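Below is one structure, written out as structure tokens; the observations come after it.
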Amino acid sequence: MPYADNDGVSVHYEVGGDGAVESDAPVVLLADAGYGPWQWGWQYSALAGPFEVVVPSTRGTGDSGAPDPDATDSYGIDAMAADLEAVLADHGARKAHLVGAGMGGMVALRYSLDFSRARSLALLGTSPGGPRATPVADGLRERLLASPDDSAALRESLEPVASAELLETDDLVERIVAWRRDEDAPEAVQRAHFDAMADFDASDSLYEITIPALVAHGSDDRVIPAADGRLLADGLPKGEFEAFPGERLFYVERSKAVNDSLVGFLTDHVED
């Protein structure tokens, strides 16, 4: 299993895919706050056919290192962008297409500003941060937190991000809970991830990100409203916005439509 090192933090990543679409740039999947790589289970097979796919475990999740959440900036978006640079350098990728959900989208934005390998962005349920963005309400944030050791809490924490239809599919919920037990961050790290999201502000720098960007959002997202996605797309010089029916996990519940959109966008920009 490959690992990259960023200033003493070990970042685990997995590589797969056929790479049928010829490109020197893999597709990199960056997870939302607290979530392990499991969250990409609905996109991986669709993307791994045409592309090489790299899936890092965010620091604090999966098999990656977990710095002390009380240490200054140990879970800042800047640090996670540097983790991504370490992964791409270790993998030998000259360029990369970045697909990020929520916090992972923020990491992709910061990476695009601080480093030079990003070729395109696909940002799912992501906010630009800043004074015009909608902060995650304290009560909602508390509902999203759940210890991986507490299966009941993991189920309950899905309620703000999933539709009633998904929550009523017991076998799927049980599988998600099992994956989260194995891969999600401890609760203290989840809090640090949400703190990083709250501190993130790229609103004054979006004009500098001139690579193609697809901004996709669930129309009923309660964590980061779709209006924030539109704000993000409007601020990116080559941003395009696409709304999908559903809550925050719209890319799970509407995976076929989302995957078609992602594959089409990435194929269009393979050689940008």
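Taken together, the values in this text are just the output of simple stated rules run on the coordinates, not laboratory data. Please read all numbers here as calculations on a predicted model, not as lab measurements. Using ideal geometry, Cβ is built from the backbone for each residue, glycine included, and neighbour counts are taken over all protein chains shown.
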Whole-Å distance, taken between Cα centres, linking the range 181-202 and the range 245-272: 24 Å
Cα gyration tensor shape for the range 43-85, rounded if a/c is under 1.5, else prolate or oblate: prolate
Whole-Å distance, taken between Cα centres, linking the range 58-111 and the range 5-43: 10 Å
For the range 1-87: rounded, prolate or oblate by the Cα gyration tensor [a/c cutoff 1.5]: prolate
Given charges at beta-carbon only (K, R positive; D, E negative), |dipole| of the chain in Debye: 480 debye
Neighbourhood net charge (13 Å Cβ-Cβ; Lys/Arg +1, Asp/Glu -1) for Asp228: +1
Rg over Rh [alpha-carbon atoms, Kirkwood Rh] for the range 147-235: 1.05
Cα convex hull volume per residue for the range 107-192 (Å³): 149 Å³
Phi-based couplings in Hz for the range 53-58 (Karplus 6.51, -1.76, 1.60; Gly and Pro marked x): 10, 10, 10, x, 8, 3
Net +/- balance of residues flanking His91 in space, Cβ distance below 12 Å, scoring K and R +1, D and E -1: -2
DSSP H segments from the chain that extend 15 Å or more along their own axis, Cα-based, with Kyte-Doolittle mean of -1.0 or above: 77-91, 103-114, 170-183, 187-199, 255-268
Square roots of 5 times each gyration tensor eigenvalue, C-alpha, the range 146-193, largest first, Å: 19, 12, 8
Ellipsoid semi-axes in whole angstrom, largest first, where each is sqrt(5λ) of the Cα gyration tensor of the chain: 24, 21, 20
